[in-house]
Amino acid sequence: MKFADFHEGQVITAGPYHLSQDEVLQFANTYDPQWFHTDPEAAAQGIHGGLIASGWQTCGIAMRLVALAALQGSESFASPGLAYVKWLHPVRPGDALSVKATVLQTRSSASKPDLGILRWRWQLYNQNEVEVLDLEATSLFKLVV
């Protein structure tokens, strides 16, 4: 989508993304090697009652879904960051994750007229419609003036 295609209140959905145990283990062993992400037997005895995905992996899945649904072919080039990120419910191997991205604001930069700014909220849900992730992101777009 192009920057001009986004508008306040717009909702973009994508998914599902099916998460395997191998993906959970590979990500965790590489980036977040905590026992409840890397050791299925120990995790089964833990507070979550089984292996759970890293929150950072969950963010990555949301990013993939949003990139494929809305950012491919756009003028998007960067993000200055997130206003917040909340991991609301554990994500488990076998979950099917879908994203709902709601456009909060679009505007041109006051100081740089060739810069479009998009503020949007991403909510990730599992196959039971349980919200597992909530974040607010800002995306920057290079506009042709």
Quick one: net charge of F3's neighbours, Cβ under 15 Å, K/R +1, D/E -1? +1
Per residue, how big is the convex hull of region 3-142 when only Cα atoms are used? Give it in Å³. 109
Mind checking which lysines have their Cα closer than 21 Å to the Cα of K100? Skip sequence neighbours fewer than 8 apart in that chain. K2, K86
Helix-only estimate, please: 222 nm mean residue ellipticity of the chain, summing -39500 (n - 2.57) across DSSP H runs of length 4 or more and dividing by its residues, to the nearest 500. -6000 deg cm²/dmol
With the convex hull built on the alpha-carbon atoms of region 1-86, volume per residue in Å³ sits at 137
Nearest-5 percent of antiparallel DSSP beta bridges in region 1-124? 100
Run the paramagnetic zone check for T138: 7 angstrom along Cα to Cβ, then residues of region 59-85 with backbone nitrogen under 19 Å. 75-85
With +1 on the Cβ of every Lys and Arg and -1 on the Cβ of every Asp and Glu, and nothing else charged, how large is the dipole of region 3-142 about its Cα centre, in debye rounded to the nearest 20? 480
Do any GluC sites (Glu not before Pro) in region 78-145 lie in a DSSP loop with no more than 16 other beta carbon atoms within 10 Å, and if so, which? E129
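We did not get these values from a lab; they are worked out from the coordinates using the rules stated. Everything quoted here is computed from the prediction, not taken from an experiment. Methodologically, a virtual Cβ is constructed for each residue, glycine included, from the backbone with ideal geometry; neighbour enumeration extends over all protein chains shown.
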